[in-house]
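No value in this document is a laboratory result; all are computed from the given coordinates. Only a predicted model underlies this, so the values are computations on that prediction, with no experimental measurement involved. Here the Cβ positions follow ideal geometry from the backbone for every residue, glycine too, while neighbour counts run over all protein chains shown.
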Amino acid sequence: MKDSSVKSIVLVAAFTSLIIVGAIFSFPAPWNPVVPLTLATLFVILTGMLLGPWLGLSAVGLYLFLGIIGLPVFSGARGGFQIIAGPTGGFLLGYLPSVFLAGIIVRLGKSSLAFLIAAAVIATLAIYLPGLPWMHYQLMGFVEDWSWASTWGKYTAPFLIGDALKAAAAVLIARFLKDRIS
């Protein structure tokens, strides 16, 4: 086996592990009983920035595969297809375009600060894009006052500060580690 193949396998395994650790150690959000606070999104974005689009997709794909087959890798050490089919499934599936876009943008910009910031912002939005409508659809009829305004105001907007901090952390970490990993 070539050294580059071994390095790729090790990097995919390491970043999959980081995503798992970031997800398992989760905390319930007081304002949202459905979506917990985790560091998984930080590690998903960082994975794309540092590994690129294809190895990043491999790491996130492995993470999702392990969770879908039932290993306890999702938030709160849960696993199984029911998590993907539940209210947070759209956010989890959003990890795939997120990691890919982060990797593409960073490669296009050759790791410049502006491109790292753009990658973090776009990758974060890529998680929200499938996550919000999926959560809205899944909880319709189960939650009082369920409208798009409540989906945004009660269940999304409070996460924005934390997600901005995670995106900023991803930029700083990627800037520091980019030359050491690639």
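Structural remarks
- Cα-based reach from Lys178 at 23 Å (exclusive), listing lysines while leaving out same-chain residues under 8 positions away: Lys2, Lys7, Lys110, Lys166
- Once the Kirkwood radius over Cα pairs is known for the stretch 1-83, the Stokes-Einstein relation at 10 °C and 1.306 mPa s delivers a diffusion coefficient of 121 µm²/s.
- The chain: DSSP helices with Cα axial extent of at least 24 Å and average Kyte-Doolittle hydropathy no lower than 1.6: 3-24, 40-68, 89-108
- When peptides 61-72, 25-36 are ranked by their average number of other Cβ atoms within 10 Å per residue, the highest-first order is 61-72, 25-36.
- Taking other C-beta atoms within 10 angstrom as a stand-in for reagent exposure, Lys166, Lys110, Lys178 fall in the order Lys110, Lys178, Lys166, fewest first.
- Pairwise label distance in nanometres, Trp31 with Leu177, each label 7 Å out on the Cα-Cβ vector: 2.9
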